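Data first, discussion second: the structure below is written as structure tokens.
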């Protein structure tokens, strides 16, 4: 575990103060129909499906509906689930740890659909994926 020294703590505080000053930060949050909606100080509202957020994916509607805005708008907290999301990371599309995000990415790549199957069949008629060019032998 890495220790936090006074210098690192002061840099973190300064960074947080800058984010709060220049925003955007969360001013409201709510759960509805499998989605979390977050209203930002800029007037923009973002939403994401709970199934994509680490720790929220198995929450009941009652658990998900109780959302606290913390750290002056930098954090969202679900006390019934003991889950926290950092708003600046959320705005970058980060909904969990690196491992969690990698798993979510795998799910997206494994999706099958009629359109994907049709495209694969058409590609197969053309001889499949092009072979890599070999350079200078």
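The values are calculated or read from the model by the stated rules, or taken from the named source; none is laboratory data. Quick caveat: nothing in here was measured; it's all calculated off a predicted structure. Glycine also receives a Cβ, built like all others from the backbone with ideal geometry; neighbour counts cover every protein chain displayed.
See the values below:
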| read-out | value |
| --- | --- |
| Index of the failed condition, residue 66 passing every other in (1) more than 17 Å from the chain's Cα centre (by Cα); (2) surrounded by fewer than 13 Cβ atoms within 10 Å (Cβ to Cβ); (3) over 22 Å from residue 12 (Cβ atoms) | (2) |
| From the options 109, 124, 75, residue that is modelled with pLDDT under 90 and either under 30 Å from residue 14 (Cα atoms) or more than 20 Å from the chain's Cα centre (by Cα) (or both) | 124 |
| Per-region count, the range 18-53, residues touching a residue at least 24 places away in the same chain (Cβ under 8 Å) and more than 15 Å from residue 87 (Cβ to Cβ) | 2 |
| Qualifying residue in the range 46-56 (condition: modelled with pLDDT under 95, closer than 21 Å to residue 21 by Cβ and either surrounded by fewer than 17 Cβ atoms within 10 Å (Cβ to Cβ) or more than 13 Å from the chain's Cα centre (by Cα) (or both)) | yes |
| Tally, over the range 36-45, of residues that are over 14 Å from residue 90 (Cα atoms) and either at pLDDT 95 or above or in contact with a helix residue (DSSP H, G or I) (Cβ under 9 Å, 6 or more places away or on another chain) (or both) | 1 |
| Count of the range 71-87 residues which are surrounded by fewer than 16 Cβ atoms within 10 Å (Cβ to Cβ) and outside any loop (DSSP other than H, G, I, E, B) | 3 |
| Check on residue 43, under 16 Å from the mean Cα position of the chain (by Cα) and on the phi > 0 side of the Ramachandran plot | no |
